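Report on the structure given below.
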Amino acid sequence: MTRRRWLVHLIYRALVYRRGRTLLLLSVLAMASSLATALGLVSYSMERRVAEEVRKYGANLVLVPEAAHLDVGSGGLNFGVVSEPSYLRQDQVESALAAGGIKAERSFHLRGALQWKNLDLMVEGVNFADIRRLFPWWQLKGGWPGASEAVVGSDLATRLKIAPGSALELSAPAGPMTLRVSGVVSTGGEEDNLLFLALPELQKALGLPGELSQVRLMVTAGGGALKRDASSLKKLLPAARVSEVRQTARTSEGLLAKVKLLMLLVTVVVLVSAGCSVAGTMSATVLERSKEIGLMKAMGGTRLGVMSIFCGEAAMLGLVGGGAGYILGTAIAQFITETVFSASAEFVPWFAGVSFSVSLFLALAGSLGPMTSVFTLDPVRSLRGE
Amino acid sequence: MLFRILKNSFFKRPKAVFLIFLSIAMGAAVATAFLGIAGEISHKMALELRSYGANILIEPATADGGGFLREQDLPKIKTVFWKYNITGFTPYLFGVGEISAGAKRERGVISGTWFNKELSVEGEAPSVQGVKVIAPWWEVNGNWPDAADEAVIGAALAKRLGAVPGSVLGVAVHGRTRRLRVAGVVTTGGYEEEELFAPLATVQELLQRQGKVSRVQVSALTVPMDDFGRKDPASMTKNEYEKWYCTAYVTSVAKNVEEAMAGSRAKPIWQIASAEGALLKKLNGVMLFLTILALGSSATAVSTSLMASMAERSPEIALMKAIGADRFQIGAIFLGETLIISVAGGVTGFLLGDQLAGVISRSVFNSTIASPLWLFPTAIGSALAVAVAGSIVPLRRALLIEPVRVLKG
């Protein structure tokens, strides 16, 4: 047999002979590396998951025409329009977004006023499919509108005594129009005082085809994407004023940073403690091998030879433990992500490397005791039983 | 005799004892750190989410959008049932007027508000209320207003008027004029940029609406909404209503503050409240799972280390049996060792875990944490339980084997 085959043979036999001990060590290593993998995967995807969650707070980037004043009907105040409105062209906005490669979720809005029974109603044109997806805080009583249908804000509905199902006769610059009220929306915000209908319908009614008063974007928080998108939009759309909505943008950045730090600290604390615990276990198990070492040295084993047997054992245990740990850890991380976020964790193959290195590190750390004694042991004394 | 044996077993095998001790201490440290921070993390995260702004709006109950609330009712907000959940509130008084800076003039909204007002309510601790407290995202270039004639102007309005910190603005409402000095320019990307903010008293005087406010924004800690919380309070039985009222849903906190302000109507600001509820639920879910994971792995680590050490010592057990010890005596020796090591390890682990929890809390949230009192006995007790559980199986197995087989090797 060649030397290398002998080495493998010895290692294998040593591990099999003390089956119980080997299984114990394997389970400990698998547990430690699965913990490392699970924690690592959860932390890694935490940032992205939380960034997706904070989109529910609404837009963090807003485009308005440079010359526009924000309507004083916004922010929940109801003083009507204070100045002459100006608009953005929808096709320009869309091509700018495409040219800038901006993949953020977006919603288009147009504000105007329509007359109803000699009263000026503030109206907003939106794409209701976008609203359902991007504005989850709308509390809608009734149904989502179809063609020629509208949604009324709850305060407006109460004030003007408009109920779902009623028909509104409105007069617009393009002519009279009738809308059926399909539902009432309440949000606690400015939506409560507005009437919503489909964007193209409002554009036609106001005689402003293809015009918008506002574009709201939800750029993924974290990683500087917001600044990048804001600056590229500023260049591509000189007629627009690009504002970061600090209420959502800044707060989300702060929150994400805290979540990241928390996950990092938690992972480090758990891994270091678990690692110490496991290293302790491993050392306790492999502590008493002096007799074996003494025998091998007495038979002529070189220090290097004996070391390589121990290293080989540790490597074997480490590899098998690491592999099992990676599979188990991925399963745990997947379970946690599915249960909490209803999304699957990303499949990160290079985490296998993390798992293996944790496992190998612990296996070697555990064998450190016997390995150092290889150098210092006097075979005669150990064989004699001291 | 038992004590002598135990003492010797500790002193004769220091390395092995130390390793077991280390294993137990680290396991207990992880468990303590996690249990210590788990409850606090939830609270701290909820506080963090308050930085997104107010989640309750109080308006006059009159349906036509006019009407006012009384400023004198505001301190009552600090005395309601949910007062400890309310982290801050700010009143606003609106008016539209002509704002002029030099030659330029604009029609704009003037808002009176509190920026950083110290509020002392009888029977309650003094607190600070105002925009600075509930809207931390305001970026003010310059200073916050200090005096009655200072104001903060929104960035968009400032740009049109050419106003900078230090400029003097003329504000005219219904023929009454007032000169205000710009202390700072605020950027928010929202509707604030189109307004001029001045101290409440100044604007009340300008608009001749002393003692009145238009609306109040309240920032409160709430629990996520669930199906029970979404039920209409009007349709609840008395018991259900009490349960609803005593749970910090955003709807019940809103109802509570509505009762404090006469003639008001409070509604949740759903954009903030619903996102917050969903996010908190998920963060708590992750922390719960991580806690289970950490506890499970520390229990496994400790029990396997005991298992390992017990298995290594079967020759000793066999020898003791061979010289005539019975099972109870052997059990007493080994379990006695386990008891001592695990109590020592549990105490050390608890102290270490306490420190770790403090480190995490300070680094992430800049605040201290106090480990709950029940954690100490729980940590020791569970360290003991896990250690004993880990030792039992190999001990029994070792006791059952014939001494001859073990002693032979």
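Every test in (1) within 14 Å of A:ALA59 (Cβ to Cβ); (2) open to solvent by 20 Å² or more (accessible area, probe 1.4 Å); (3) over 24 Å from the mean Cα position of the chain (by Cα) is passed by A:GLU244 save one, and that test is (3).
The set of residues in the range A:178-196 that are touching a residue at least 40 places away in the same chain (Cβ under 8 Å) and either more than 22 Å from B:ILE269 (Cα to Cα) or of a type in the set (D, E, K, R) (or both) comprises A:SER182, A:GLU190, A:GLU191, A:ASP192. Scanning the range A:1-47 for residues that are touching a residue at least 12 places away in the same chain (Cβ under 8 Å) and charged (D, E, K, R) yields A:ARG21, A:GLU47.
Quick check on the range A:252-272. Is at least one of its residues surrounded by 18 or more Cβ atoms within 10 Å (Cβ to Cβ) and away from every other protein chain (no Cβ under 13 Å)? Among the residues of the range A:252-272, not one is surrounded by 18 or more Cβ atoms within 10 Å (Cβ to Cβ) and away from every other protein chain (no Cβ under 13 Å), which makes the answer no. Of A:GLU292, A:GLU338, A:GLU288, all but one fail to be acidic (Asp, Glu) and modelled with pLDDT of 85 or more; the exception is A:GLU338. Among the residues making up the range A:215-241, none is in contact with a His (Cβ under 8 Å, 6 or more places away or on another chain) and either surrounded by fewer than 21 Cβ atoms within 10 Å (Cβ to Cβ) or modelled with pLDDT under 90 (or both). For the range A:332-352, a residue qualifies if it is away from chain B (no Cβ under 14 Å) and either within 19 Å of the chain's Cα centre (by Cα) or open to solvent by 40 Å² or more (accessible area, probe 1.4 Å) (or both), and the qualifying residues are A:SER344, A:GLU346, A:PHE347, A:VAL348, A:PRO349, A:TRP350, A:PHE351. Just to verify a result, which residue in the range B:225-258, among those that are over 26 Å from the mean Cα position of the chain (by Cα) and exposed (fewer than 13 other Cβ atoms within 10 Å of the Cβ), is nearest to the other protein chains (Cβ to nearest Cβ)? Among residues in the range B:225-258 that are over 26 Å from the mean Cα position of the chain (by Cα) and exposed (fewer than 13 other Cβ atoms within 10 Å of the Cβ), the one nearest to the other protein chains (Cβ to nearest Cβ) is B:ASP232.
Against the conditions (1) open to solvent by 20 Å² or more (accessible area, probe 1.4 Å); (2) part of a loop (DSSP other than H, G, I, E, B), A:ILE162 satisfies every one except (1).
Selection within the range B:1-20: residues that are in contact with a helix residue (DSSP H, G or I) (Cβ under 7 Å, 6 or more places away or on another chain) and within 8 Å of chain A (Cβ to nearest Cβ). The member of this set that is surrounded by the most Cβ atoms within 10 Å (Cβ to Cβ) is B:ILE20.
Hey, any hits in the range B:71-78 for a residue that's open to solvent by less than 30 Å² (accessible area, probe 1.4 Å), assigned to a helix (DSSP H, G or I) and either of a type in the set (A, V, I, L, M) or more than 22 Å from B:ASN256 (Cα to Cα) (or both)? Yes: one or more hits. Taking the conditions exactly as written (at pLDDT 90 or above and either open to solvent by less than 60 Å² (accessible area, probe 1.4 Å) or in contact with a strand residue (DSSP E or B) (Cβ under 9 Å, 6 or more places away or on another chain) (or both)), does B:LYS282 satisfy them or not? So B:LYS282 passes the test.
The values are calculated or read from the model by the stated rules, or taken from the named source; none is laboratory data. Since the structure is predicted, the reported quantities are computational estimates derived from the model, not experimental observations. As a convention, Cβ positions derive from the backbone with ideal geometry for all residues, glycine included, and neighbour counts pool all protein chains shown. Heads up: the accessible areas ignore ligands, DNA and RNA and are worked out on the full protein's heavy atoms, side chains in. Shrake-Rupley method; radii C 1.70, N 1.55, O 1.52, S 1.80 Å.
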